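Taking it in order: structure first as structure tokens, then the write-up.
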Amino acid sequence: MGKDKQSLQGIDSSPRSAGRGGSVRKEWLDEKQNPFYRRVFEEAQTGILILSHPEGCIEDANPFLLHLLGSTMDGLKGKTIAEAGLVMDESSKNVIESFARVMTSHQDALTLHTYRGPVITVECASRVFSVGSRRFIQCNFSDISSSREYEERLRLSTATVLISMQEVVETLTRIIESRDSYTVGHQARVSDLSVAIAYELGVNENAINGLRISSLVHDIGKISIPPQLLTKSAPLSSFELEMLQNHVNTGYEFLKGLQFPWPVADILCQHHERLDGSGYPKGLKDGDIFLEARIIAVADTLEAMASERPYREALGIDAALAFIEEEKGRLYDPAVVDAAVRLFREKNYCFPDTSAS
């Protein structure tokens, strides 16, 4: 049994096995001397191809590979992989030729043409080994076409969903902003700055996509507030202030049932929370607040202060930056504040002009 285990090392059917130091023993060619090893070769569930070295002519192929290619051993024996018509493009030919030049090789994706017609993508590993006075190249192939196709379909599907979501969100944004001339473009500008801050912080692309959507609808709850309250120039009463602040709860109720890939409703609901617990609606503190909500909080404050409102003139970006710096660590996330300040003061960031949109 020990000898069989040793022989098995040279025919490990995993695609990466050829690069792990296994050596094929002389007995692999002789079914009578080593039937256990030959059986492993015949029944392996990945393709195994044996080539002469350095010519690269096909010496043997296991049944799994022959089935995968739609070929017979008679149709392959003595030919190179290129002569057999399994590779057509120059890139793949160069990869195959490299098998003879290096002791071990691994390719994540190699295109093979099959005799049935379809092109397949395989993961391939090769290793040069000796049998007596001869040298051979063992190539292990694993068909990854299905996973590649699935990944591509998933990528395209995700991209389509993102575009559709953004179109819906932008439509909702226009509806909200049509009721309040002072905040036309507010959500778009907040979203643009939020995404810029996220990139500055090194946030991953998936989270940035969620942030983009969340920031574009962060004030969607204002659709339930009377327009005269949104544009009121006089100070708000306590009742009116409570009604205005309730827009985050309303927005949460609007969106909580939608199947976004990100916690959009929660992020929206938290964008007026503050690190010290003085925000609303739940008085959350520090680590209980999503990073995306912390980013929107800073972007929202900067945009609001820098822009004109019914009850005051625009304060300007310098005053807005000074304010968030003063409240850094108490109300606003320090890293987010620092990123926003760098964007404006060192990288010449400016809010986009949304007047034409």
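Per-residue answers, yes or no, for (1) within 26 Å of the chain's Cα centre (by Cα); (2) in the same structural domain as Ser178 (by TED's automatic domain parsing); (3) over 21 Å from Val217 (Cα atoms):
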position	(1), (2), (3)
Lys232	no, yes, yes
Phe239	no, yes, yes
Ala265	yes, yes, no
His271	yes, yes, no
Arg274	no, yes, no
Gly279	no, yes, no
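List the residue pairs whose Cβ atoms are under 7 Å apart, where the first residue sits in the stretch 244-260 and is assigned by TED's automatic domain parsing to the domain that holds Leu162, the second is among the basic types (Lys, Arg) and assigned to a loop (DSSP other than H, G, I, E, B), and the two are 6 or more positions apart or on different chains.
So the pair list comes out empty.
Return yes when Gly287 is touching a residue at least 24 places away in the same chain (Cβ under 8 Å) and part of a helix (DSSP H, G or I) and no when it is not.
No: the conditions fail for Gly287.
Restricting to the stretch 301-357, name every residue that is among the charged types (D, E, K, R), in a strand (DSSP E or B) and surrounded by 13 or more Cβ atoms within 10 Å (Cβ to Cβ).
Once the filter is applied, which keeps residues that are among the charged types (D, E, K, R), in a strand (DSSP E or B) and surrounded by 13 or more Cβ atoms within 10 Å (Cβ to Cβ), the stretch 301-357 yields Arg309, Lys328.
The values are calculated or read from the model by the stated rules, or taken from the named source; none is laboratory data. Small disclaimer: the values here were computed from a predicted structure and weren't measured. In this analysis, Cβ positions are derived from the backbone assuming ideal geometry, glycine residues included, and neighbour counts consider all displayed protein chains.
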